[in-house]
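**Q** Handing you this structure, nothing more for now.
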4 protein chains.
Amino acid sequence: MAIRIFTTGGTFDKEYNELNGELYFKDTHMHELLTLGRSRLPVSITPLMMIDSLEMTAEHRNLIAEECKQCKEDKIVITHGTDTMAETARVLAKKVTGKTVVLTGAMIPIKFGSSDGLFNLGSALAFVQSLPPGVYVAMNGRYFNWDNVRKNRQTGIFEELKPVNAGTE
Amino acid sequence: MAIRIFTTGGTFDKEYNELNGELYFKDTHMHELLTLGRSRLPVSITPLMMIDSLEMTAEHRNLIAEECKQCKEDKIVITHGTDTMAETARVLAKKVTGKTVVLTGAMIPIKFGSSDGLFNLGSALAFVQSLPPGVYVAMNGRYFNWDNVRKNRQTGIFEELKPVNAGTE
Amino acid sequence: MAIRIFTTGGTFDKEYNELNGELYFKDTHMHELLTLGRSRLPVSITPLMMIDSLEMTAEHRNLIAEECKQCKEDKIVITHGTDTMAETARVLAKKVTGKTVVLTGAMIPIKFGSSDGLFNLGSALAFVQSLPPGVYVAMNGRYFNWDNVRKNRQTGIFEELKPVNAGTE
Amino acid sequence: MAIRIFTTGGTFDKEYNELNGELYFKDTHMHELLTLGRSRLPVSITPLMMIDSLEMTAEHRNLIAEECKQCKEDKIVITHGTDTMAETARVLAKKVTGKTVVLTGAMIPIKFGSSDGLFNLGSALAFVQSLPPGVYVAMNGRYFNWDNVRKNRQTGIFEELKPVNAGTE
């Protein structure tokens with residue numbers, strides 16, 4: 001059960017530039033997180049872009065969708081900035097079918113001591129193995145269907161757009 | 001979808017005693033891990049014991065099974081030492097039915113910088129939400145059915161007892 | 001041998017705001033660093049300001065100098081942004097006499113995993129106990145007299161303005 | 001001003017063996033600590049042994065003393081287990097003259113998140129540059145003369161054997 005991991009940047013992969021005091025992207029930290037988690041999953045990692053999700057355009061999202069469609073795996077995890085993660089999920093849902101796609105990210109960069117990134121990655125990799133085909137967001141220990149999720153900008157917490165009857169999310 | 005978390009000790013919760021240089025148990029680190037992961041899952045945490053899994057007896061395992069049966073939640077995560085995790089899974093499988101039970105742990109204590117505990121917890125909490133009733137071990141990013149898992153003592157890696165046809169694990 | 005610690009902000013005390021992705025100041029991390037270092041030194045900690053050292057004005061520097069002169073201790077450590085640390089050292093040297101003043105800081109915020117702040121603090125607290133009265137910068141494991149130090153903006157490393165004959169720095 | 005660093009093991013360099021759950025020695029972490037501290041000091045690092053200081057014999061101490069005498073540097077930092085650090089200091093004081101020797105260590109291994117090792121190393125490297133010839137212990141942010149120091153086994157804190165008049169320690 002091979003899994004494809006696409007990285008796109010986001011808070012997840014930001015680092016601190018000690019020469020100018022700014023946050024920036026260098027390399028993805030995906031490999032070190034998988035090593036830290038002692039992961040034995042068969043994964044292929046493909047960095048697609050390294051950007052803030054606020055800078056993500058329709059073209060970027062189309063590229064991600066194309067990569068999801070064309071890759072041979074039907075289980076896909078995407079690391080993504082949290083601000084527009086729900087928007088990208090909606091685009092993917094329209095274009096990618098028959099595959100389980102889980103988007104995740106981090107509120108604090110991996111390289112900073114108190115990041116949620118390792119927890120979220122463990123969570124996303126588990127959901128992608130166990131959820132039926134569809135597009136999901138995995139944050140805060142939970143998963144959300146692509147059509148029922150938003151990031152609450154005041155609290156930084158992901159939540160449903162509307163109550164879920166079955167209470168399964 | 002409430003989740004019950006039982007903690008039993010294991011490497012996961014070990015700390016370093018700086019007065020005598022030995023590893024010991026003080027408190028569970030479950031709360032701080034859930035905070036670190038920005039978890040918004042409705043969980044109840046119940047510490048059952050604080051022991052090395054090599055010291056776990058049939059009585060301990062019976063106690064865990066009873067607690068699993070009696071708690072009102074049907075989704076249960078158990079943190080457990082890795083050495084006998086598979087053995088406890090087999091005991092639980094015989095006694096607990098109709099619930100999804102996921103055992104997980106850590107190869108390195110949470111308090112040490114390079115622990116896999118946060119990754120494993122994210123993974124276990126995701127599997128418990130998405131797998132059908134049954135008893136599972138979640139380690140190395142993967143999940144294993146209770147009747148097809150062992151810890152390889154030479155490598156420290158969890159593996160199947162026998163090949164899985166469908167390749168879903 | 002009481003020591004006064006003044007904090008002024010700088011990279012040292014920056015944190016990551018997970019709601020807007022910006023770096024900001026909340027509280028000084030001085031207490032937790034002293035606890036982490038198991039320090040048993042008699043220190044008084046006084047936060048004077050919480051600013052980037054690029055925003056530090058003549059007024060800020062005068063305030064720091066006044067505080068150094070008026071405090072009862074004759075051993076003073078000041079945490080400070082690295083960009084203008086040498087400039088503040090020159091102002092203090094003109095106004096504060098008969099006291100040992102050591103400025104230090106960090107290239108990476110304390111809260112980020114790979115900070116030099118704990119090392120620098122250990123170093124500054126040692127120098128303030130053992131150097132004769134004067135104003136010094138303690139960075140990169142070394143100490144520099146106030147009149148012979150600059151931060152090299154290209155490398156981020158502190159260095160002498162001119163070679164030191166005795167080679168003691 | 002070259003500095004020699006001798007490593008001897010101790011809590012400082014212990015690691016967690018994830019296969020058997022025991023603490024053990026692999027390599028010294030001195031290089032990574034100096035990198036983390038952005039140290040620009042000219043140092044030579046020589047691992048002499050990798051043992052618990054409770055296992056240190058007269059022969060081990062003689063070896064350390066010989067190395068201190070024979071190395072070309074007159075500024076020496078020694079990392080050492082805390083339990084018998086004061087005893088080794090006394091042996092060195094009798095055999096090594098005309099050099100500044102600073103022993104330091106850690107209450108918690110470097111590899112564990114909450115170690116005092118980086119703070120202590122920053123402190124020891126500063127003291128070795130600024131104190132007159134003699135043998136010292138640097139722990140808890142303080143320095144102690146070799147003939148007036150012990151580790152309090154109840155508290156884990158280093159303290160004077162007798163009060164110091166001048167109050168300079």
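Let's see how each residue does on (1) of a type in the set (Val, Ile, Thr); (2) touching a Gly at 6+ places or on another chain (Cβ under 8 Å); (3) closer than 24 Å to residue D:153 by Cα; (4) within 14 Å of chain C (Cβ to nearest Cβ):
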| position | (1), (2), (3), (4) |
| --- | --- |
| D:41 | no, yes, no, yes |
| D:46 | yes, no, no, no |
| D:56 | no, yes, yes, no |
| D:76 | yes, no, no, no |
| D:82 | yes, yes, yes, yes |
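**Q** Within the range D:4-27, work out how many residues are within 14 Å of chain C (Cβ to nearest Cβ) and among the aliphatic types (A, V, I, L, M).
**A** Residues meeting the conditions: 1.
**Q** For the range A:55-71, give me each residue that is free of Cβ contacts under 8 Å to residues at least 24 places away in the same chain and assigned to a loop (DSSP other than H, G, I, E, B).
**A** Scanning the range A:55-71 gives a single hit, A:57.
**Q** Could you tell me whether residue B:83 is closer than 22 Å to residue A:37 by Cβ, charged (D, E, K, R) and open to solvent by 10 Å² or more (accessible area, probe 1.4 Å)?
**A** Working: closer than 22 Å to residue A:37 by Cβ: yes; charged (D, E, K, R): yes; open to solvent by 10 Å² or more (accessible area, probe 1.4 Å): yes.
Criteria met by residue B:83.
**Q** Oh, and also: Hey, can you tell me all the residues within the range D:13-54 that are open to solvent by 40 Å² or more (accessible area, probe 1.4 Å), of a type in the set (Phe, Trp, Tyr) and either assigned to a loop (DSSP other than H, G, I, E, B) or more than 30 Å from residue D:72 (Cβ to Cβ) (or both)?
**A** D:24
**Q** Oh, and also: Residue by residue through the range A:111-144, note down the ones that are open to solvent by 10 Å² or more (accessible area, probe 1.4 Å), within 19 Å of residue B:132 (Cβ to Cβ) and not in a loop (DSSP other than H, G, I, E, B).
**A** The answer is A:129, A:130, A:134, A:136, A:142, A:143.
**Q** Taking residue A:73 and the conditions (1) touching a Phe, Trp or Tyr at 6+ places or on another chain (Cβ under 6 Å); (2) surrounded by fewer than 21 Cβ atoms within 10 Å (Cβ to Cβ); (3) of a type outside the set (S, T, N, Q), which numbered condition does it fall short on, given that it satisfies the others?
**A** (1)
**Q** Can I ask one more? Could you check the range B:1-12 and list, in sequence order, the residues that are over 17 Å from residue B:83 (Cβ atoms) and surrounded by 22 or more Cβ atoms within 10 Å (Cβ to Cβ)? Write out each step before concluding.
**A** Our first condition is that a residue be over 17 Å from residue B:83 (Cβ atoms); within the range B:1-12, this holds for B:1-6.
Correct list: B:3, B:5, B:6.
**Q** Additional query: Those residues that are within 21 Å of residue C:132 (Cβ to Cβ) and touching a residue at least 12 places away in the same chain (Cβ under 8 Å), I need them from the range D:145-165; list them, please.
**A** D:145, D:164
**Q** Anything in the range A:140-160 that is farther than 17 Å from residue A:102 by Cβ and within 13 Å of chain B (Cβ to nearest Cβ)? List them, or say none.
**A** Within the range A:140-160, A:152, A:155, A:156, A:157, A:159 meet the criteria.
**Q** From (1) more than 30 Å from residue D:158 (Cβ to Cβ); (2) surrounded by 12 or more Cβ atoms within 10 Å (Cβ to Cβ); (3) touching an Asp or Glu at 6+ places or on another chain (Cβ under 9 Å), pick out the condition that doesn't hold for residue C:66.
**A** Evaluating residue C:66 over (1) more than 30 Å from residue D:158 (Cβ to Cβ); (2) surrounded by 12 or more Cβ atoms within 10 Å (Cβ to Cβ); (3) touching an Asp or Glu at 6+ places or on another chain (Cβ under 9 Å) leaves (3) as the failure.
**Q** Still on this structure: What number of residues within the range B:97-110 are buried (at least 21 other Cβ atoms within 10 Å of the Cβ) and either in contact with a helix residue (DSSP H, G or I) (Cβ under 6 Å, 6 or more places away or on another chain) or away from chain D (no Cβ under 14 Å) (or both)?
**A** First pass over the range B:97-110, keeping only residues buried (at least 21 other Cβ atoms within 10 Å of the Cβ): B:100-110.
Subsequent filtering for residues that are either in contact with a helix residue (DSSP H, G or I) (Cβ under 6 Å, 6 or more places away or on another chain) or away from chain D (no Cβ under 14 Å) (or both) retains B:100-106, B:109-110.
Qualifying residue count, the range B:97-110: 9.
**Q** Taking the condition facing chain C (nearest Cβ under 7 Å) and either under 14 Å from the mean Cα position of the chain (by Cα) or open to solvent by 10 Å² or more (accessible area, probe 1.4 Å) (or both), does residue D:92 pass?
**A** Working: facing chain C (nearest Cβ under 7 Å): no; either under 14 Å from the mean Cα position of the chain (by Cα) or open to solvent by 10 Å² or more (accessible area, probe 1.4 Å) (or both): yes.
Here the answer is no, as residue D:92 does not meet what is asked.
**Q** Moving on. Are any residues in the range A:111-139 within 7 Å of chain B (Cβ to nearest Cβ) and modelled with pLDDT under 95, and if so, which ones?
**A** A:114
**Q** Right, something else. Do we have any residue at all in the range B:158-167 that's in contact with a Lys or Arg (Cβ under 7 Å, 6 or more places away or on another chain), aliphatic (A, V, I, L, M) and within 30 Å of residue B:26 (Cβ to Cβ)?
**A** Within the range B:158-167 (the criterion being in contact with a Lys or Arg (Cβ under 7 Å, 6 or more places away or on another chain), aliphatic (A, V, I, L, M) and within 30 Å of residue B:26 (Cβ to Cβ)), the answer is no, since none of the residues qualifies.
**Q** Follow-up question, since we're still on this one. From the list A:1, A:50, A:30, exactly one residue is more than 14 Å from chain B (Cβ to nearest Cβ) and not hydroxyl-bearing (Ser, Thr, Tyr). Which is it?
**A** A:50
The values are calculated or read from the model by the stated rules, or taken from the named source; none is laboratory data. Predicted, not measured: the structure shown is a model, and the values here were computed from it. Backbone-built Cβ (ideal geometry, glycine too); neighbour counts: all protein chains shown. The protein model used for the area step is the full one, side chains on, heavy atoms only, and it has no ligands, DNA or RNA in it. Shrake-Rupley method; radii C 1.70, N 1.55, O 1.52, S 1.80 Å.
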